[in-house]
Amino acid sequence: MKINNICCIGAGYVGGPTMSVIAAKCPHIQVNVVDLNEQRIAAWNDNDLEKLPIYEPGLAQIVGKSRGVNLHFSTQVDQAIRDADMIFISVNTPTKTYGIGKGMAADLKYIELCARQIAAVSQNDKIIVEKSTLPVRTAEALNDILSNTGNGVKFQVLSNPEFLAEGTAIEDLLQPDRVLIGGERTPAGEEAMQALHDVYNHWVPTERILKTNVWSSELSKLTANAFLAQRVSSINSLSALCEATEADVDEVSRAIGQDSRIGSKFLKSSVGFGGSCFQKDILNLVYLCQTYGLQEVADYWHQVIIMNDYQKRRFAQKIISTLYNTVNGKKIVLLGWAFKKDTNDTRESAAIYVADYLLSEQAELVIYDPKVTAEQIYADLDYLNTRTEEENRKLVTIVHDRTEIFNDAHAIAILTEWDEFKEIDWKMVYDKMLKPAFIFDGRSILDMEQLSEIGFKGFAIGKG
């Protein structure tokens, strides 16, 4: 089956970049990205490519290459569905905040709404591709909805999970480690998988495109994120022991990373992992295990989340205890709000929770991040519902120029590993701060010996 027209429902962090790369690499395919959020679509269509709703290195160039040619962003969902040979579902699947599975299970209401809309307006056979991260056997539910429309249209449901790391998403799309395609092991299912294979094969070598059954594909996504998060929590757990024993977690990480059986990736200790996937997917995995009566397996994976929460709380407590057990009325500068560098995504960012702990102790925060808006920072704090919006705005000042933010500050905390923070004139910063001047490096990006020579009293994760 030849694909001439692709529709993607959802213009977020996955749908937008993924479709932009497909359009750039497959100029013969019309790619329509649709979303009901008019403001988001307007941003994707802005003439100024620097105003795209998502910041990713290389994204603006990719969008500029194809937008208006074979890449289109609109709110015309029904028309895009009707025209498409293949439909990617890339909508949000948040953790449930209500009912059975609250706090763990994925909320699939948007997925079901997509399925019902596709079923209602489709007039010819289509391939449906799960791009959102979903629980195992979601494809079964999609198939059930789509196959009972009564209008004679036939659908094949595929699982094609994304393995993007924000900050390197375009590179990950252009040169993926693997592309995973799961489908039914039937003639129609095999044909659908081959059609998606042929799309990716325009730039991805055949040996990197893996075909599995649909259930294995769905579970592989959850498992991949669980394993990566587990490594982060493992090294973070040892960072606490390093501090207690005067070992250096970076030296420990380097030593074990040289073991070819272990490898060096995801062994960088920090204030904690964030992002839209790790915590959500692990909680989803935990709930899935509980659903099948595998409580010991659920407990094992839940510990990864417990350790991550502990690391964020421990870092905030270190700031408080070092500042003589009180931060009430003290000015603390937080450098970084995004969950990692080279993205403006703040979902589950460690900075949110560290800030919340400090605000609970009545600290006065000044926050700077080069890519995150003030509106987003306030929204993140308000979402926690720990205090009123008025209180958040009274205690938190957000700036977009860090020139004068260090004046009379008691302490600085590095919460995102932006490269520009390594280039700050720390002697000038020290001169502007109250003494003793404290600095807390939650990303281990600064030379603590050099800062000590300047006069700072410093703390870095995992340094004894």
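Points worth noting:
- Here is the figure for the range 198-234: residues that are within 30 Å of residue 1 (Cα to Cα) and either touching a residue at least 24 places away in the same chain (Cβ under 8 Å) or crowded, with 17+ Cβ neighbours inside 10 Å (or both) total 21.
- Residue match in the range 5-27 (condition: under 30 Å from residue 291 (Cβ atoms) and assigned to a helix (DSSP H, G or I)): yes
- So residue 347, is it in contact (Cβ under 8 Å) with a residue 12 or more places away in the chain, under 30 Å from residue 95 (Cβ atoms) and surrounded by fewer than 17 Cβ atoms within 10 Å (Cβ to Cβ): no
- Checked against the criteria, residue 253 does not count as part of a helix (DSSP H, G or I), touching a residue at least 24 places away in the same chain (Cβ under 8 Å) and more than 25 Å from residue 345 (Cα to Cα).
- Restricting attention to the range 95-134, the residues being in a loop (DSSP other than H, G, I, E, B) and surrounded by 14 or more Cβ atoms within 10 Å (Cβ to Cβ) number 12.
Table: residues versus (1) without any contact (Cβ under 8 Å) to a residue 60 or more places away in the chain; (2) more than 20 Å from residue 268 (Cβ to Cβ); (3) touching a strand residue (DSSP E or B) at 6+ places or on another chain (Cβ under 7 Å).
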| position | (1), (2), (3) |
| --- | --- |
| 396 | yes, yes, yes |
| 399 | yes, yes, yes |
| 405 | no, yes, yes |
| 411 | no, yes, yes |
| 419 | no, no, no |
| 424 | yes, yes, no |
| 427 | yes, yes, no |
| 432 | yes, yes, no |
| 440 | no, no, yes |
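- Of all residues in the range 207-248, those that are among the aliphatic types (A, V, I, L, M) and over 30 Å from residue 104 (Cβ atoms) total 3.
Each row is one residue, and each column tells you yes or no for (1) at positive phi; (2) part of a loop (DSSP other than H, G, I, E, B); (3) small (Gly, Ala, Ser); (4) surrounded by 15 or more Cβ atoms within 10 Å (Cβ to Cβ).
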{"site": "427", "(1), (2), (3), (4)": "no, no, no, no"}
{"site": "431", "(1), (2), (3), (4)": "no, no, no, no"}
{"site": "435", "(1), (2), (3), (4)": "no, yes, no, no"}
{"site": "440", "(1), (2), (3), (4)": "no, no, no, yes"}
{"site": "450", "(1), (2), (3), (4)": "no, no, no, no"}
{"site": "459", "(1), (2), (3), (4)": "no, no, no, yes"}
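- Only a single criterion out of (1) more than 25 Å from the chain's Cα centre (by Cα); (2) of a type outside the set (Asp, Glu); (3) in a helix (DSSP H, G or I); (4) buried (at least 23 other Cβ atoms within 10 Å of the Cβ) is not satisfied by residue 312, namely (1).
- Qualifying residues in the range 191-207 (those that are in contact with a strand residue (DSSP E or B) (Cβ under 9 Å, 6 or more places away or on another chain) and part of a loop (DSSP other than H, G, I, E, B)) - the one nearest to residue 129 (Cα to Cα): 201
Taken together, the values in this text are just the output of simple stated rules run on the coordinates, not laboratory data. Predicted model, so just to flag it, every value in this text is computed and none were measured. Cβ atoms come from the backbone with ideal geometry, glycine included; neighbour counts cover every protein chain shown.
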